[in-house]
């Protein structure tokens, strides 16, 4: 996981904080139909106070036009439980959107330093493949991927996989 502070100089004295993980050619299919019934998400550790501006993910393929919803939650890493939803955004995803970062603009929700947060991706219409990656065992856990299905809606956490994502905070 990468966390960096970058000064974009717009406006003056404003800093952007990026939290991200890269993809390595793997994908996970999301959808809610007869072919695939899966939801996924990502939890991450936030190391700086800031206002949540956006989260970007990397769609790789869609079999038809799809609707993708992102929901943001505080997360209790010790108990692996989601808190109350704090915001959400929804986008229509088309084949032309694939293999490009897809940006979910969010409502400038304040995120606190030293806290865990997460997002869930829900595709209720269509099917979409999202880029993910595999990471070797790390002694310092900074993120986890989450997957759920119609059979197991509570989901499972994976410390060795992650979605490809970028979280943007304004400091």
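If you check every pair at least six apart or on different chains, which have Cβ atoms under 6 Å apart with a residue in the stretch 43-66 that is without any contact (Cβ under 8 Å) to a residue 40 or more places away in the chain first and a residue that is outside any strand (DSSP E or B) second?
none
Filter the stretch 149-167 for residues that are surrounded by fewer than 20 Cβ atoms within 10 Å (Cβ to Cβ), farther than 20 Å from residue 78 by Cβ and touching a strand residue (DSSP E or B) at 6+ places or on another chain (Cβ under 7 Å); which is modelled with the highest pLDDT? Can you show your working first?
So the first thing to find is which residues in the stretch 149-167 are surrounded by fewer than 20 Cβ atoms within 10 Å (Cβ to Cβ), and the list is 149-160, 166.
Of the ones still in play, those that are also farther than 20 Å from residue 78 by Cβ are 149-153, 166.
The next check asks that each one be touching a strand residue (DSSP E or B) at 6+ places or on another chain (Cβ under 7 Å); those that pass are 149-150, 166.
Working: 149: 87, 150: 76, 166: 90.
Of everything passing the filter in the stretch 149-167, 166 is modelled with the highest pLDDT.
How many residues, within the stretch 139-161, are assigned to a strand (DSSP E or B) and either touching a helix residue (DSSP H, G or I) at 6+ places or on another chain (Cβ under 8 Å) or farther than 22 Å from residue 112 by Cβ (or both)? Quick ask: steps written out before the conclusion?
We begin by selecting, within the stretch 139-161, every residue assigned to a strand (DSSP E or B); these are 143-149, 156-158, 161.
From what's left, either touching a helix residue (DSSP H, G or I) at 6+ places or on another chain (Cβ under 8 Å) or farther than 22 Å from residue 112 by Cβ (or both): 145, 147-149, 156, 158, 161.
Summing the residues that are assigned to a strand (DSSP E or B) and either touching a helix residue (DSSP H, G or I) at 6+ places or on another chain (Cβ under 8 Å) or farther than 22 Å from residue 112 by Cβ (or both) in the stretch 139-161 gives 7.
Please verify whether the stretch 131-146 includes one or more residues that are under 13 Å from residue 167 (Cβ atoms) and either surrounded by fewer than 18 Cβ atoms within 10 Å (Cβ to Cβ) or touching a residue at least 60 places away in the same chain (Cβ under 8 Å) (or both).
The initial filter retains those residues of the stretch 131-146 that are under 13 Å from residue 167 (Cβ atoms), namely 142-143.
If we keep only those that are either surrounded by fewer than 18 Cβ atoms within 10 Å (Cβ to Cβ) or touching a residue at least 60 places away in the same chain (Cβ under 8 Å) (or both) too, we end up with 142-143.
Yes: the stretch 131-146 contains one or more residues that are under 13 Å from residue 167 (Cβ atoms) and either surrounded by fewer than 18 Cβ atoms within 10 Å (Cβ to Cβ) or touching a residue at least 60 places away in the same chain (Cβ under 8 Å) (or both).
Among the strands (runs of 3 or more DSSP E) confined wholly to the stretch 46-136, which include 2 or more residues that are closer than 18 Å to residue 33 by Cβ? Lay out the reasoning, then the answer.
Numbers: elements: 50-57, 59-62, 66-76, 87-93, 102-111, 115-125, 127-134.
Counting at least 2 such residues, we get 59-62, 66-76, 87-93, 115-125, 127-134.
Going by the conditions given, is residue 101 in contact with a strand residue (DSSP E or B) (Cβ under 9 Å, 6 or more places away or on another chain) and buried (at least 17 other Cβ atoms within 10 Å of the Cβ)? Write out each step before concluding.
Working: in contact with a strand residue (DSSP E or B) (Cβ under 9 Å, 6 or more places away or on another chain): yes; buried (at least 17 other Cβ atoms within 10 Å of the Cβ): no.
No: the conditions fail for residue 101.
What pairs come out if I take residues in the stretch 76-95 that are more than 17 Å from residue 106 (Cβ to Cβ) and pair them with residues that are loosely packed, with under 14 Cβ neighbours inside 10 Å whose C-beta lies under 6 Å away, six or more apart or interchain?
94/65
The values are calculated or read from the model by the stated rules, or taken from the named source; none is laboratory data. Here the structure is a predicted model, which is why all the values come from computation and not from measurement. Positions of Cβ are backbone-derived with ideal geometry, glycine not excepted, and every protein chain shown enters the neighbour counts.
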